[in-house]
Amino acid sequence: MTTTTGDTATDNTGARTDEAVHLITGARERIDDLDGRIIGLVQERMAVSEEIQRARIASGGRRVNLSREMEILTHYSDRLGKNGTVLAMTLLDLCRGRV
């Protein structure tokens, strides 16, 4: 096992070996890519939600459909637990009221 000390990459990763620095650096690049894709998907979800809200309002309906929101909350909670509910609430909040 090779140890690294005083290296900038080590300082940024908190790792103590070259192997760990390499692994963490690569994993962080993957996370950054995933985050970019997630943000893109959230933006796409926001646009689709806006379409739905416009159609609902144009037809005389309400902007928000609470029973549908409950379905979404349950879906996220079932798959991700308590934090899934928090995530779903954040998504719903981002997607409401743009119309």
Report summary line: Of the residues in region 83-99, those that are open to solvent by 90 Å² or more (accessible area, probe 1.4 Å) and over 15 Å from the mean Cα position of the chain (by Cα) number 1
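Residues checked against (1) modelled with pLDDT of 95 or more; (2) aliphatic (A, V, I, L, M); (3) open to solvent by less than 100 Å² (accessible area, probe 1.4 Å); (4) closer than 24 Å to R96 by Cα:
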residue	(1), (2), (3), (4)
A15	no, yes, yes, no
I24	yes, yes, yes, no
L41	yes, yes, no, yes
S49	yes, no, yes, yes
A55	yes, yes, yes, yes
I72	yes, yes, yes, yes
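Restricting attention to region 26-39, report how many residues are charged (D, E, K, R) and open to solvent by less than 90 Å² (accessible area, probe 1.4 Å). Full working, then the answer.
Taking region 26-39 as the starting set, the residues that turn out to be charged (D, E, K, R) are 28-30, 32-33, 35, 37.
Subsequent filtering for residues that are open to solvent by less than 90 Å² (accessible area, probe 1.4 Å) retains 33, 35.
Residues that pass the stated criteria total 2.
The values are calculated or read from the model by the stated rules, or taken from the named source; none is laboratory data. Note that the structure is predicted; figures quoted are calculated from it, not measured. Heavy atoms of the whole protein, side chains included, go into the accessibility calculation; ligands, DNA and RNA do not. Shrake-Rupley method; radii C 1.70, N 1.55, O 1.52, S 1.80 Å.
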